[in-house]
Each structure stands twice: as structure tokens, then as C-alpha cells.
Amino acid sequence: IPQVLSGGDLLAGAQTGTGKTAGFTLPILHILSQKPVADLGKGRPRCLMLTPTRELAAQIEESVKTYGKYLSLTSTVIFGGVNINPQMSRLRKPLDILVATPGRLLDLMSQNCVSLANIEILVLDEADRMLDMGFLRDIKKILAALPKQRQNLLFSATFSTEIKALADGLLNSPALIEVARSNSTNEAIAQLIHPVDRNQKHPLLAHLIKTNQWQQVLVFTRTKHGANKLVTQLEKDGITAMAIHGNKSQSARTKALAEFKDGKITVLVATDIAARGIDIDQLPHVVNYDLPNVSEDYVHRIGRTGRAGSNGVAVSLVCVDEHQMLRDIEKLIKQKLPQEVIAGFEPDPNAVAQPIQLRSQQAPQRHGQLHPARHLQQRDPV
């Protein structure tokens, strides 16, 4: 907060759940309220907050509205997957803070609905995920439309080579602040591995939910198809579940998240990209039904629990195909994860690993270019 208030650039590394949204929103609201502008101009915001996913964009704008309730500042959020016309209408009115995903922002810029000429402060939130999703080219187009004199704040849970390169080109003598060491996991989260055969993952998950009487479980699958299939299987077991991923409409994703938060459904099944922005107080359980292709995503996934000082449990169901992924994760987080075999679900010691179908081998999406540095990850529509 002091660094943002000072007006200097910032490169910040923070685990999810550490309060970074408040950490940049509060000082930005203070700065903008200290120097109000008489004539904002239509569609000419003073602050741009860029974020990778719809859910995260909506969550940040909700925080802006909450923290700025008694200020005269105005804000709105724009993202894809919903009707563009209401967003165009809102951009015809004065605006201080714009929260946006890159794709929809470029769409509106191309139609001359929004101008970035007045931007004083730029926030890139979850920059690592934006690069993973193939947004680098979009981000560069957006940066080119910004005024040279501005304050830049870049937030990332991990500091990869690509993030450092982006920071070098974007930031001017930034302060470096790390809440926790890079790629570390939250100590409030108990982590556990259950070895299991691949065809026993679903029965084991249902067993864990029922025997432990879990009421709220966020489950990660590797693919959208896997998410849909698991929901169907859990429903047959009498466990209420819904899925969120890039192929779901925004209204369906919003409904699923709301019902999960309200306790109307027990299980929310998500892919990595859709899960960004899921901020649920005291979410007790996260399950990795499939381990992620990219080790850093493990840190992001389990960070959905153990937030804001509460404790959480992160369970991973690991079959023989995923042993190398597990080794990579343990190397990244610099710890050996405890393993516990559940009685009745003992893995076959003679099982042979099979190659895992990665996201890039599925049908391409609407924006389907692959990011060269992350060729295993394919960009979902946002």
C-alpha cells in the first residue's frame, strides 16, 4: 500500500488469498479521490485493471465498489461471454476505474467505445495466468494504447522467465515486494496424496465426500470434458455438483458459483482457467482429481482454500500416469507430500502409465492460438 501511494511502479509476488486485491484497490481509490477530474470524458477511464478471467474481473470490480462505497468514483467491469451492448452503453458515461479481460477490452477499443488515453494507473493482476492463457500479444496491443506517463502495478503468484521479461519492458525502476517466497504453498493448507488407479478416482472421490461428510468441495479436472463427465457421475451417486469452464456461458458459470457459495451444491468441478477468481471465505476442501500439466497451477489450485487466515485441506488423487507430474510439483514447492492409501482403493502395483491427453490436443477454441512458451496450455475464451 505505501508503495502504490508513493506513485512508483510495483512488481508484487503474492499467493492467492493474501489480500492483494485490497492491497492495490484501497490505495488506488485514495489516489484517484485526492485528485478528482472535473470532466472525465466518456469511455476514458483513469485506471485500468487487467485480469485473465471473467470471474476474477467481476470479483475485483465488486471489491472496488465495496471499498469505494462512500467515494464519488465510478467503475465498471467488461468481459467476454456476455452481451456487449450493455457494456458499450456504460462506456458512454464518465468512468474512473475500468476492470477488464484483454479480449473484450480490445473488441471495445476496436469499435472506438473506450479510450485508454487518460490512464494514470495500470494494474496487471495474475500476470502469470494471463501469459499462460496466451494473452501476451493482446497485452502488448493494450500497452501500446496507453499514455507513456503512468503508474504500473504488476501482480503475479509466480515469477517465471516470461514474467520477468514482461516486467522489464513494462516497469520503471519498480519496487519488488513478495508476500511469500516464489512458488511456495500456504502453510495453513494441509496437503495429502491418495494413490489410486485411474478408473477408481471417481469412486474414491465419492467415498471421501460421503464418509467425511464434506459439505463444500472444489474439484479440479484437467479438461472440460472431464469436468462434465465427473458432474454426471457424482449426481448418480446422489452428490450435488456443477461444473464451470470456458465452454459454459457466463450466466451458467455465475449460477454455479453462487449456488456453491450458498451451500446449495456440494461439489464445484472446475478447470484451471475457470477457477481463477473463485474467492470463497473458509472453503474447507480442494481436490485435485487430475494433477495439473503445469506445476505452478498446483500452487494456484490449492490456494483456493486456506484463505484469509482460515485452515484448509488439499487432497490429490494420483494415478500411475501422474507420477512424473507429482515429482515436478514436489520439486517446485520444495517439499515431499504425504501419501495415504485408502482401504478398498489400493492401486494396482503392476499398473502401467499411459500418456495423458493435454489441453492442446483438444479442439481449438475461438481464440485458439497457443502461447509459444506454454504450448501445453491452450487459451480458453474469456
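The values are calculated or read from the model by the stated rules, or taken from the named source; none is laboratory data. Because the structure is predicted, anything quoted here is derived from the model rather than measured. With ideal geometry, Cβ positions are generated from the backbone for all residues, glycine too; neighbour counts draw on all protein chains shown. Areas reflect the complete protein model, heavy atoms only, side chains present, ligands, DNA and RNA absent. Shrake-Rupley method; radii C 1.70, N 1.55, O 1.52, S 1.80 Å.
Quick one: grab the alpha carbon gyration tensor of segment 189-241, order the square roots of its eigenvalues as a ≥ b ≥ c, and give me rounded if a/c is under 1.5, else prolate or oblate depending on whether a/b is larger than b/c.
Rounded, because the longest to shortest axis ratio a/c is under 1.5.
Fully extended, how many nm does the chain gain between residue 72 and residue 164 (0.36 nm per residue separation, minus their Cα-Cα distance)?
29.5 nm
Whose amide H sits under 5 Å from the amide H of residue 49, counting only residues 5 or more places off or on another chain, with H placed in the peptide plane?
98, 99, 100, 123
I'd like the distance separating the alpha-carbon centroids of segment 114-156 and segment 319-356, in whole Å.
That distance is 39 Å.
For segment 145-155, take each phi angle, set θ = phi - 60°, evaluate the Karplus expression 6.51 cos²θ - 1.76 cosθ + 1.60, and give the result in whole Hz per residue in order, putting x for glycine and proline.
Computed from phi, the couplings for segment 145-155 are 8, 8, x, 5, 8, 6, 9, 10, 10, 10, 10 Hz.
Once the cut-off is 15 Å, how many percent of the Cα-Cα pairs in segment 16-99 end up in the long-distance tail?
Counting every Cα pair in segment 16-99, those more than 15 Å apart make up 58 percent.
Given a Förster distance of 22 Å, report the FRET efficiency between residue 250 and residue 145 from their Cβ-Cβ distance, rounded to the nearest 0.05.
0.30
Bin width 5 Å, alpha-carbon pairs only: give the P(r) of segment 1-158 as whole percents, running from 0 to the bin holding the largest distance.
So the P(r) values, bin by bin, are 2, 9, 20, 24, 23, 15, 6, 1.
Averaging sequence separations of C-alpha pairs under 8 Å and six or more residues apart, then dividing by the length of segment 1-136, give the relative contact order as a whole percent.
Reported as a whole number, the value is 32 percent.
Where does the charge balance sit around residue 154 when Lys and Arg score +1, Asp and Glu -1, over other residues with C-beta under 9 Å from its C-beta?
-2
Which order do 55, 340 take by accessible area at a 1.4 Å probe, largest first?
340, 55
Leaving out ligands and nucleic acids, and using a 1.4 Å probe, what accessible area per residue does segment 105-180 come to in Å²?
43 Å²
Would you grab the residues whose amide H sits under 5 Å from the one on residue 237? Only those 5+ places off in sequence or on another chain, please, with H modelled 1.01 Å from N.
Those lying under 5 Å, H to H, from residue 237: there are none.
Ignoring ligands, DNA and RNA, how do 70, 289 rank by accessible area with a 1.4 Å probe, largest first?
Listed by decreasing accessible area, they come as 70, 289.
Which order do you get for 107, 9 if you rank them by accessible area with a 1.4 Å probe, largest at the top?
107, 9
Would segment 79-148 count as rounded, prolate or oblate if I go by the C-alpha gyration tensor, calling it rounded below 1.5 in a/c and otherwise prolate when a/b exceeds b/c, oblate otherwise?
Since a/c reaches 1.5 but b/c is at least a/b, the shape of segment 79-148 is classed as oblate.
Say R0 is 25 Å: what FRET efficiency, to the nearest 0.05, do residue 229 and residue 137 get from their beta-carbon distance?
0.15
Express in Å², to the nearest 10, the accessible area of residue 261 obtained by rolling a 1.4 Å probe over the protein heavy atoms while all chains stay in place.
The accessible area of residue 261 comes to roughly 100 Å².
Apply the a/c threshold of 1.5 to the C-alpha gyration tensor of segment 125-180 and tell me whether it is rounded, prolate or oblate.
oblate
Under a 5 Å amide H to amide H cut-off, with H placed in plane at 1.01 Å, what residues pair with residue 219 once short-range neighbours are removed?
So residue 219 has HN proximity to 268, 269, 270, 287.
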